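Report on one structure; see the data block that follows.
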Amino acid sequence: DLLEFTSGAKVTLVGAFRSYINLLADKDVKLRVLELDEGALKGDDKKYFVPAEKYSEVIPDSDIVIITGLSLVNNTIDGLLDVVNPGTKLVVTGPSAGILPQILFKKGVNIIGATEILDSEMLFTLVSEAAAGYHLFKYCARKICILND
């Protein structure tokens, strides 16, 4: 809701975010999905696939870049952020994204999509029962955004 996808905007997703792909497929934008595994994209969505190793060509040519928080875990975030042009709207999102907001903000990130745990006891109960993210958001967590003002 915090992003404006103007007509013709070049939008790059780093990671096959199903919700963003569904949202952007119906908009007049140039969507590209940088992904290690083409199999992460199904059916008609494969047309958006760009091999992850092309990040240094695709990201600088983007108006909006949305990066998975997993890039913090797999140590690819620095390389991705290093090639973002000033003025590009930059989002890092996912469960691990909100851990170090000030460091991401210093690197030019505008918005962090994160998770707030509202009931930690319920969280541990659900996780021990092999719950999915859907269950966490239904019972003990909510999605939030942390903004770089």
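Tabulated data
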item	result
Residue pairs meeting the criteria (Cβ under 7 Å; at least 6 apart or on separate chains; first over 20 Å from Val29 (Cα atoms), in region 63-77; second open to solvent by 70 Å² or more (accessible area, probe 1.4 Å) and assigned to a loop (DSSP other than H, G, I, E, B))	Gly69/Pro95
Hits in region 1-22 - residues which are part of a helix (DSSP H, G or I), in contact (Cβ under 8 Å) with a residue 12 or more places away in the chain and not aromatic (Phe, Trp, Tyr)	Ile21
Residue in region 20-41 that is under 15 Å from the mean Cα position of the chain (by Cα), among the small types (Gly, Ala, Ser), under 24 Å from Leu147 (Cα atoms) and open to solvent by less than 80 Å² (accessible area, probe 1.4 Å) present	no
Test for Tyr55: is it more than 26 Å from Ala141 (Cα to Cα), of a type in the set (Phe, Trp, Tyr) and either open to solvent by 30 Å² or more (accessible area, probe 1.4 Å) or in a loop (DSSP other than H, G, I, E, B) (or both)	yes
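Rundown of residues vs (1) outside any strand (DSSP E or B); (2) open to solvent by 60 Å² or more (accessible area, probe 1.4 Å); (3) under 20 Å from Leu13 (Cβ atoms), yes/no style:
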{"position": "Gln102", "(1), (2), (3)": "yes, yes, no"}
{"position": "Phe105", "(1), (2), (3)": "yes, no, no"}
{"position": "Phe137", "(1), (2), (3)": "yes, yes, no"}
{"position": "Ile146", "(1), (2), (3)": "no, no, yes"}
{"position": "Asp149", "(1), (2), (3)": "yes, yes, no"}
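The values are calculated or read from the model by the stated rules, or taken from the named source; none is laboratory data. Just so it is clear, the structure is predicted and the values come from calculations on it, not from any experiment. Quick reminder, even Gly has a Cβ in these numbers, built from the backbone with ideal geometry, and neighbours come from all protein chains shown. The protein model used for the area step is the full one, side chains on, heavy atoms only, and it has no ligands, DNA or RNA in it. Shrake-Rupley method; radii C 1.70, N 1.55, O 1.52, S 1.80 Å.
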